[in-house]
Amino acid sequence: MAQHRGRDEHRDTSTEAGDVADGPPDAASDPDAANGLDAAVGVLAEAGTLAFGGVGLAGAVLPDTEAYRRLEQALPSRAGEVRARLDWLLANGSPTGRAYAATLLEQVDPAAARAAWTALRADDAVLTSATGCLLEQVTLGEYAARRLAEG
């Protein structure tokens, strides 16, 4: 995988809010649902903190986590659409966005997820991971290696 590109290189800021530039084509019959998926991918494309639950003393849920959850909730009924967006996110997202995408890919296609994590091991872009009140800065490659070791 290529190293993280600047924010403006992977997202066209001239598009409408929530639209993902050069994102996968929308095959959905429900435009509102597709827009929700696109909005979630847009957030993850620029995600800055990897958190799967609440963070801080208040347990606040970050917008990045909410976007991850929207895609996760869509997986059972819209796996193909979500999968296309995950592939795009793996190629175009921030380091954190790529980690979220590979994590979601585990639920759709474990073999593809393993291949994604394997490719991400070579990525030295830094991401911030949050668990409760603990923040950790780690390279995407180190995080990918941990995910692979977890099995």
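A quick yes/no check of all residues on (1) under 16 Å from the mean Cα position of the chain (by Cα); (2) under 18 Å from Ala67 (Cβ atoms):
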{"position": "Leu89", "(1), (2)": "yes, yes"}
{"position": "Gly97", "(1), (2)": "yes, yes"}
{"position": "Ala111", "(1), (2)": "no, no"}
{"position": "Arg114", "(1), (2)": "yes, no"}
{"position": "Cys133", "(1), (2)": "no, no"}
{"position": "Ala144", "(1), (2)": "yes, no"}
Of all residues in segment 95-122 being touching a Gly at 6+ places or on another chain (Cβ under 7 Å) and not in a helix (DSSP H, G or I), the one that is least open to solvent (accessible area, probe 1.4 Å): Ala122
Residue list for segment 130-150, restricted to those being surrounded by fewer than 18 Cβ atoms within 10 Å (Cβ to Cβ) and not in a helix (DSSP H, G or I): Thr131, Gly132, Cys133, Leu134, Leu135, Glu136, Gln137, Val138, Thr139
Verdict on Ala125 being more than 12 Å from Leu50 (Cα to Cα) and in contact with a strand residue (DSSP E or B) (Cβ under 9 Å, 6 or more places away or on another chain): yes
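A quick yes/no check of all residues on (1) among the acidic types (Asp, Glu); (2) out of contact with any helix residue (DSSP H, G or I) (no Cβ under 7 Å at 6 or more places or on another chain); (3) open to solvent by 30 Å² or more (accessible area, probe 1.4 Å); (4) free of Cβ contacts under 8 Å to residues at least 40 places away in the same chain:
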{"position": "Asp32", "(1), (2), (3), (4)": "yes, yes, yes, yes"}
{"position": "Val41", "(1), (2), (3), (4)": "no, no, no, no"}
{"position": "Ala45", "(1), (2), (3), (4)": "no, no, no, no"}
{"position": "Val55", "(1), (2), (3), (4)": "no, yes, no, no"}
{"position": "Glu66", "(1), (2), (3), (4)": "yes, yes, yes, yes"}
{"position": "Gln73", "(1), (2), (3), (4)": "no, yes, yes, yes"}
{"position": "Pro76", "(1), (2), (3), (4)": "no, yes, yes, yes"}
{"position": "Glu81", "(1), (2), (3), (4)": "yes, no, yes, no"}
{"position": "Arg85", "(1), (2), (3), (4)": "no, no, no, no"}
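The values are calculated or read from the model by the stated rules, or taken from the named source; none is laboratory data. Nothing here was measured: the structure is a model prediction, and the numbers come from that model. Cβ sites come from the backbone with ideal geometry, for glycine too, and all protein chains shown count toward neighbours. Remember, those area values only see protein heavy atoms, side chains included, never the ligands or the DNA or RNA. Shrake-Rupley method; radii C 1.70, N 1.55, O 1.52, S 1.80 Å.
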